[in-house]
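Beneath this line is the structure, given in structure tokens, with notes to follow.
The values are calculated or read from the model by the stated rules, or taken from the named source; none is laboratory data. Quick caveat, the model's predicted, so the values are computed rather than measured. Heads up, the Cβs are rebuilt from the backbone with ideal geometry, glycines too, and the neighbour counts pull from every protein chain shown. Ligands, DNA and RNA are stripped out before the accessible areas are found, and what is left, the full protein with its side chains, is counted by its heavy atoms. Shrake-Rupley method; radii C 1.70, N 1.55, O 1.52, S 1.80 Å.
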Amino acid sequence: YTREMNASVEEKLMLLEGMRKAFDATQSGAPAAGQAGHFFLMYQPKVDLRTGRIFGVEALIRWRHPEHGMVPPPRFIGLAEESGLIVAIGEWVLRTACRQARLWVDAGLDPLTVSVNVSARQFEEKHLVERIAVALRDTGLAPGALELEVTESLLMRDLHQAIGRMRELKDMGVSLSIDDFGTGYSSLSALKSFPISTLKIDKSFVRDLATSADDQAIALAVISLGHRLHLRVIAEGVETEEQREFLAANECDEMQGYLFSPPVPADAITAMLRAQLQP
Ligand code: C2E
Ligand code: CA
Ligand code: CA
Ligand code: CA
């Protein structure tokens with residue numbers, strides 16, 4: 001037991017050390033120099049269920065390690081959060097995503113919203129709103145082109161503070177979306193006071209959508225709740241045509257998932273946006 005515990009503490013320390021090095025390499029722009037690899041972003045299209053057009057992308061962080069290959073975010077985001085490193089990494093994600101979104105604007109492509117995941121630690125950080133304002137100003141991206149994805153459990157940690165923070169962001173013109181909706185314990189009365197624009201149905205409810213009456217009931221409930229609160233509803237993790245049909249038939253607004261595209265490098269998004277430009 002003790003040996004296992006030590007191993008896991010040791011493992012954590014190694015992972016943390018690796019993350020720090022990889023982040024340093026990422027920031028200094030010398031990814032090859034480090035033994036810890038580097039971070040980069042992939043983007044996954046968000047598609048309008050009625051028109052089939054891409055209207056936004058979600059930025060997702062990736063860590064490529066020279067020995068371990070791709071380290072999946074669930075393996076390191078928690079530790080980044082615990083150690084506080086997420087604040088710096090999160091700011092890098094934000095700035096990188098805003099810079100990329102500005103490049104798409106400059107290329108004359110269809111207007112796009114870029115969504116960035118924000119963790120609890122980052123959301124509660126004192127200077128969050130200021131950092132976002134600076135990132136937008138530095139990159140010249142319109143605030144309306146940025147969306148933050150936050151989870152309900154994050155918002156429930158300190159409801160009062162969270163609502164204040166969300167209002168500041170909304171006043172700035174940045175939109176907010178509730179990620180993984182239905183998986184945290186949320187209060188419906190709190191939902192009413194959140195200045196958000198979108199609910200995202202978690203992929204755990206989408207996976208068996210074609211066969212599970214329970215998941216269908218949940219999806220329908222989220223869609224109708226969202227619409228009654230004047231929110232848009234997006235489903236994540238859409239992998240099959242059956243899932244897409246169910247969502248489209250039941251007035252879900254948007255979708256995201258492997259059916260349309262996995263997360264891809266920015267260049268691939270550029271190509272997709274070019275392909276959907278009107279002739
Ligand atoms: P999330 O925000 O719920 O992101 C959705 C996850 O589902 C992503 O995993 C995405 O690659 C994956 N996905 C997309 N389409 C499909 C599909 O059709 N089927 C299935 N099964 N999965 C699909 P990923 O990229 O591994 O990220 C996992 C989690 O890590 C994210 O969940 C998010 O909570 C966190 N994360 C990722 N990037 C960041 C970041 O930049 N900052 C923060 N704070 N968290 C991040
Ligand atoms: Ca997300
Ligand atoms: Ca999600
Ligand atoms: Ca999730």
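Remark: pairs (first residue in segment 223-243, over 16 Å from K192 (Cβ atoms) and open to solvent by 50 Å² or more (accessible area, probe 1.4 Å); second residue away from ligand 1 (no atom under 13 Å from the Cβ) and assigned to a helix (DSSP H, G or I); Cβ separation under 8 Å; 6+ apart in sequence or on different chains) = R232/G226.
Any residue in segment 162-173 that is in contact (Cβ under 8 Å) with a residue 24 or more places away in the chain, under 30 Å from E241 (Cβ atoms) and in contact with a helix residue (DSSP H, G or I) (Cβ under 6 Å, 6 or more places away or on another chain)? Looking through segment 162-173, none of the residues is in contact (Cβ under 8 Å) with a residue 24 or more places away in the chain, under 30 Å from E241 (Cβ atoms) and in contact with a helix residue (DSSP H, G or I) (Cβ under 6 Å, 6 or more places away or on another chain). Would it be correct to say that S224 is within 16 Å of ligand 4 (Cβ to nearest atom) and among the hydroxyl-bearing types (S, T, Y)? So S224 fails the test. Residues in segment 42-70 that are in contact with a helix residue (DSSP H, G or I) (Cβ under 8 Å, 6 or more places away or on another chain) and either open to solvent by less than 30 Å² (accessible area, probe 1.4 Å) or in a loop (DSSP other than H, G, I, E, B) (or both): Y43, P45, L49, R50, R53, I54, V57, A59, I61, W63, H65. Across segment 123-145, a minimum of one residue is classified as in contact with a Gly (Cβ under 9 Å, 6 or more places away or on another chain), open to solvent by 40 Å² or more (accessible area, probe 1.4 Å) and within 30 Å of A248 (Cβ to Cβ).
Within segment 105-122, the set of residues being open to solvent by less than 50 Å² (accessible area, probe 1.4 Å) and within 21 Å of R232 (Cβ to Cβ) comprises D110, L112, T113, V114, S115, V116, V118.
When each of G164, G237 is tested for being closer than 21 Å to G52 by Cβ and not aliphatic (A, V, I, L, M), the lone residue that passes is G237. For segment 194-218, give me each residue that is within 15 Å of ligand 1 (Cβ to nearest atom) and in contact (Cβ under 8 Å) with a residue 12 or more places away in the chain. Selection gives T198, L199, K200, I201, D202, K203, S204, F205, V206, R207, L209, A210. Within segment 146-161, restricting attention to residues that are in contact with a helix residue (DSSP H, G or I) (Cβ under 9 Å, 6 or more places away or on another chain) and open to solvent by 20 Å² or more (accessible area, probe 1.4 Å), the residue that is nearest to E91 (Cα to Cα) is T151. One residue alone among L209, L176, L220, L199 is within 16 Å of ligand 2 (Cβ to nearest atom), within 17 Å of G237 (Cα to Cα) and of a type in the set (A, V, I, L, M, F, W, C), and that residue is L199. Residue-level analysis places I196 among those that are open to solvent by 10 Å² or more (accessible area, probe 1.4 Å), of a type in the set (A, V, I, L, M, F, W, C), within 16 Å of ligand 3 (Cβ to nearest atom) and not in a helix (DSSP H, G or I). Residues that are farther than 16 Å from V118 by Cα, in contact (Cβ under 8 Å) with a residue 40 or more places away in the chain and away from ligand 4 (no atom under 16 Å from the Cβ) are absent from segment 28-37.
Within segment 199-214, if we keep just the residues that are within 14 Å of ligand 4 (Cβ to nearest atom) and not in a helix (DSSP H, G or I), the residue that is surrounded by the most Cβ atoms within 10 Å (Cβ to Cβ) turns out to be I201. Selection of segment 152-167 for residues being within 16 Å of ligand 4 (Cβ to nearest atom) and more than 12 Å from F194 (Cβ to Cβ) yields only S153. The residue list I218, I269 contains one member that is surrounded by 15 or more Cβ atoms within 10 Å (Cβ to Cβ), within 16 Å of ligand 3 (Cβ to nearest atom) and of a type in the set (A, V, I, L, M), which is I218. Screening P73, P66 for residues that are within 16 Å of ligand 4 (Cβ to nearest atom) and over 21 Å from S197 (Cα atoms) leaves exactly one candidate, P73.
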